[in-house]
Amino acid sequence: MEEETVIMGLDEAGRGPVLGPMVIALVKAREEDLEEFNRWGLRDSKRLNRRKRNELYNLIVNRYEIKTVVLEAKDIDEMIKGSNLDNIEIGMFSKLINSVLIEEYRIDEKGEIGCFNKRFKIYIDACSSNRRAFLNKIKSKLITYNNSIEIIAEHKADDKYKIVSAASIVAKVMRDRIIDNYKKIYGEIGSGYPSDRVTINYLRNYIKEHGELPEIARKCWKTSQNMLRSAMKNGKL
């Protein structure tokens, strides 16, 4: 039986914000699908406007299998205890990859592989400054690793590989929609990034009014902690 090559691309959106979730996405395709990605003009989501991202998102999710993990602020606060953001991402990337390997290899509850005519190319946007260490940690967390699995982990992979661009778009659009829903509940909160003046003003006003951080804030972030300390120092808590 002829071998089939399964392609995976993984990326995240929302690593740095003080408000809102981080979304990790995996897009699965076949080798012959990559030409279609080229025709669509996929690129890193940060280089696309919102209308184009939404248009490509709809194409991707309607044609290809996607898997996602959404980590809310409270999840990140809990998971980062005794760890760091790189390790959290590595754990989530590995979780998504393993879910595909289990399906494609038909791995049973005993860990035995039922299908051997598969090869895998896995492209990941490396979140760590140490790319080699990042790659080794991913490999160590996979349910199985063998010669049929090739992992390419690079910085700016979302600009280099269309399959990672696809994952970048899925993650970004999903996060944007979550932020839009937050705004219906909490009012104008901006993008959630510390560099966004609207976000900082929202946090400052919320702390002043409620004496604490909102539920959607990452309490472990220095921005959150500094704003709380500043409010206490100025007698606003």
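Quick notes on this one:
- Under DSSP loop assignment and at most 13 Cβ neighbours within 10 Å, longest trypsin sites (Lys or Arg not before Pro)-free interval of the chain: 1-80
- Stokes-Einstein diffusion coefficient of the chain, Kirkwood radius over Cα pairs, 37 °C, 0.692 mPa s, in µm²/s: 172 µm²/s
- Restricting attention to the chain, close to 55% of DSSP beta bridges with both partner residues there are antiparallel.
- Along each principal axis, taking the top coordinate minus the bottom one, the Cα set of the range 104-237 gives 65, 33, 26 Å in descending order.
- For residue 118, the residues whose modelled amide H falls within less than 5 Å of its own, excluding neighbours fewer than 5 places apart on the same chain, are 4.
- Positive-end residue, the chain charge dipole about Cα centroid, Cβ charges, pick of 10, 138, 186: 186
- Pairs from 46/139; 121/141; 184/219; 28/121; 67/184; 67/95 whose Cα-Cα separation, in the structure shown, is over 20 Å: 46/139; 184/219; 67/184
- Where GluC sites (Glu not before Pro) in DSSP loops with at most 13 other Cβ within 10 Å are excluded, longest remaining stretch of the chain: 4-108
- Relative exposure of 144, 223, judged by other C-beta atoms within 10 Å (fewest first): 144, 223
- Neighbour cut-off at most 13 other Cβ (10 Å), DSSP loop, chymotrypsin sites (Phe, Trp or Tyr not before Pro), the range 11-75: none
- Dipole axis of the chain (+1 Lys, Arg; -1 Asp, Glu on Cβ), positive-most option in 129, 91, 213: 213
- Helical runs assigned H by DSSP (4 residues or longer) give the chain a calculated mean residue ellipticity at 222 nm of -15500 deg cm²/dmol, each run adding -39500 (n - 2.57) before division by the residue total.
- Cβ-placed point charges (K, R +1; D, E -1), dipole of the chain about Cα centre in debye, nearest 20: 1220 debye
Readers should treat all values here as calculations from the given coordinates under stated rules, not as data from a laboratory. Everything numeric here is computed off the predicted structure, so don't read it as measured data. Every residue, glycine among them, receives a Cβ derived from its backbone with ideal geometry; neighbour counts consider all protein chains shown.
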